[in-house]
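Trainee: Dropping the structure in here first, questions after.
Just so you know, all these numbers are worked out from the coordinates, no wet-lab data involved. These numbers were taken from a predicted model, which means no experiment stands behind them. Every residue, glycine as well, gets a Cβ built from its backbone with ideal geometry; the counts of neighbours run over all protein chains shown.
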Amino acid sequence: MSNASTPCPEDHPLMLAWNSHKQTDEYKNSKHWALAIQPMIQVGDPDADRKRYQLMPVDQREQHIEGSLWAVFCAGYNAAQAARTQREVCPSCGKHDVDRLHRAATMALPEAHYWFCNDCHRQWGVE
Ligand SMILES: [Zn+2]
C-alpha cells in the first residue's frame with residue numbers, strides 16, 4: 001500500500017486512539033458504506049478513472065479505504081490537538097490565566113467544556 005504519511009509508532013497517542021476507533025461501530029459503518037459504492041461507468045464519462053478505481057478488487061479497495069479513513073482521522077486528531085494547545089485569552093480582562101473546565105452531563109444539561117478566567121471569574125464557551 002502506498003501511503004505518503006510516515007509510519008506511526010504503535011504506542012503513539014494517535015495510533016492508540018486510531019486502534020480504539022477501529023473497534024467502534026462508527027468506523028465499521030464508514031468502511032461498510034465506502035466499500036458498498038459500486039458505480040456504473042459509461043463511455044466518455046470524465047469521472048471514469050475514479051470509478052474504475054472503485055471497481056478494483058475488494059481487498060485492495062479495503063486497503064485504500066482504510067488509508068483514507070486514517071488520513072481523515074489524523075486530520076481530525078491534529079485539529080483537536082491544535083485547538084487544545086491554543087492559548088486562550090479571557091474575553092473580558094484579556095488575561096491568560098484561564099482554565100478549560102469540564103462539566104459532566106446532568107438530566108438538564110449535556111456534557112460540556114468551557115473556559116474559566118481565574119482573574120475576573122468570567123465563564124465562556126458554555127452552550
Ligand atoms: Zn478575565
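Trainee: Semi-axes of the equivalent ellipsoid for the stretch 88-127, please: Cα gyration tensor eigenvalues, times 5, square-rooted, ordered largest first, whole Å.
Mentor: 22, 8, 7
Trainee: If you don't mind, there's one more thing I want to ask. Per the Kirkwood formula on distinct C-alpha pairs, the Rh of the chain is how many angstrom?
Mentor: 18.7
Trainee: Output the direction-averaged projected area (hull surface divided by four) of the convex hull of the alpha-carbon atoms of the stretch 13-85, in nm².
Mentor: Over every viewing direction, the Cα hull of the stretch 13-85 projects on average to 6.2 nm².
Trainee: Can you show me the helix-derived [θ] at 222 nm for the chain, built from DSSP H runs with n ≥ 4 at -39,500 (n - 2.57) apiece and divided by the number of residues, rounded to the nearest 500.
Mentor: Rounded to the nearest 500, the figure is -14000 deg cm²/dmol.
Trainee: Dipole of the chain, Cα-centred, from +1 at each Lys and Arg C-beta and -1 at each Asp and Glu C-beta, to the nearest 20 debye?
Mentor: 160
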